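The values are calculated or read from the model by the stated rules, or taken from the named source; none is laboratory data. Here the structure is a predicted model, which is why all the values come from computation and not from measurement. Note that each Cβ is placed from the backbone with ideal geometry, even for glycine, and that neighbours are counted across all protein chains shown. We work out accessible area using only protein heavy atoms, side chains counted, and drop any ligands, DNA or RNA first. Shrake-Rupley method; radii C 1.70, N 1.55, O 1.52, S 1.80 Å.
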Amino acid sequence: MALLSLQGISKSFGGLRAVQELSIEVERGAIVSLIGPNGAGKSTVFNLITGIYRPTSGEILFGGRRLNGLKPNAVAGTGIMRTFQNIRLFAFMTVLENVMVGRHVRMHAKLWDGGLHTPFGKREEAATAETARELLKYVGLDAYESEWARNLPYGMQRKLEIARALAAEPALLLLDEPAAGANPTEKHRLMELVRAIRDRGVTVFLIEHDMKLVMGISDYVHVLDYGEKIAEGTPESVRRNPRVIEAYLGKGA
C-alpha cells in the first residue's frame, strides 16, 4: 500500500477547475516530485492534502486512512507536515521557539500545566526544547537558536521551516519549492538535507521548479499542466517526454 494515495481528486473554484481527476501514489521511503509550469495546480494539490482545501471530488488516503474533510491540525496529527512556497515563520520568536512550536502536535500538557508550572508541564517543555536543539543541529542552525527568526538569511529561514516541520515527527514531509531563492551552494546543501531526511525514515513529496535539483534527487516524478497529470515516471523518462517538453517550452521546441 502506498503511504499517500490521491484517487481521482478534483478541485474547482467557481468555474475554474484547478485540479482535474488527479491520481498520485507516493510510496513509503521515496523522494517524489510534483512539477509543472506556473499555475499548473501544484500548490493546490498540497493544500488539498493538508486540509486547507477540500476536494470537490475524489479521495485522499494516508496510510489507508481517508483524509477528506479533516482540518489542517487533524491532518498534521496523522503524520503529514509541510513547508510553504512563501516562508511562514514566527518572525518575532527565536529560532528555538519556532521549532518548539512545531512540536506542539506531539505534546500532551494542558493549558493549566503551563499556567500552573506543573512538574509534568516543566518536564515536557524541557524535553521539547531538547528535541528542538537536536533538530537545529541536524539542519546546521544550532548556533542561532537565540536569534529572532526574522534575522536569519533567506536560506537559513528555509532550513528553519524544515526543522519546525520535522519537530512533529512526520511520516510524510511536503516541501513546497524549498529551493526557491537559493544560490547553487544552498541548493546543493538542500539536496543533501532532503536525502538525509529520507534516510531518517521520512517520506518526502516536493514541489520544485529547479529541474536540475528535481532530476538529481527524485525517485519518481509527476507532471501537472493546467491541473491535469500529463506524465509520470523516473526522472530520466520524464525529462524525455514530449508532452513535458511542450508544457515547459511550447510547441515546436
Which of the residues belonging to the range 21-42 are among the polar types (S, T, N, Q) and at pLDDT below 95?
ASN38
Out of the residues in the range 42-67 meeting the condition of being of a type outside the set (Lys, Arg) and in a strand (DSSP E or B), tell me which one is least open to solvent (accessible area, probe 1.4 Å).
ILE60
For the range 231-253, give me each residue that is modelled with pLDDT under 90 and among the small types (Gly, Ala, Ser).
ALA247, GLY250, GLY252, ALA253
Out of all the residues in the range 200-214, is one or more over 20 Å from VAL45 (Cα atoms), without any contact (Cβ under 8 Å) to a residue 40 or more places away in the chain, touching a Lys or Arg at 6+ places or on another chain (Cβ under 7 Å) and open to solvent by less than 70 Å² (accessible area, probe 1.4 Å)?
yes
Kindly indicate whether GLY14 is surrounded by fewer than 14 Cβ atoms within 10 Å (Cβ to Cβ) and out of contact with any Leu (no Cβ under 6 Å at 6 or more places or on another chain).
yes
Just one listed residue, out of GLY181, GLY227, GLY140, GLY201, is among the small types (Gly, Ala, Ser) and not assigned by TED's automatic domain parsing to the domain that holds ALA40, and it is GLY140
Do you know which residues across the range 68-107 are more than 15 Å from ALA163 (Cβ to Cβ) and in a loop (DSSP other than H, G, I, E, B)?
ASN68, GLY69, LEU70, LYS71, GLY79, GLN85, ASN86, ALA91, PHE92, MET107
Identify, please: which residue in the range 131-176 is open to solvent by less than 10 Å² (accessible area, probe 1.4 Å) and of a type in the set (Asp, Glu) and is, among those, farthest from ALA196 (Cα to Cα)?
ASP176
The range 19-40, subset more than 17 Å from LEU173 (Cβ to Cβ) and either buried (at least 22 other Cβ atoms within 10 Å of the Cβ) or polar (S, T, N, Q) (or both), residue nearest to the chain's Cα centre (by Cα):
ILE35
Quick count over the range 77-102, residues being of a type in the set (A, V, I, L, M), open to solvent by 30 Å² or more (accessible area, probe 1.4 Å) and more than 17 Å from the chain's Cα centre (by Cα), is 3
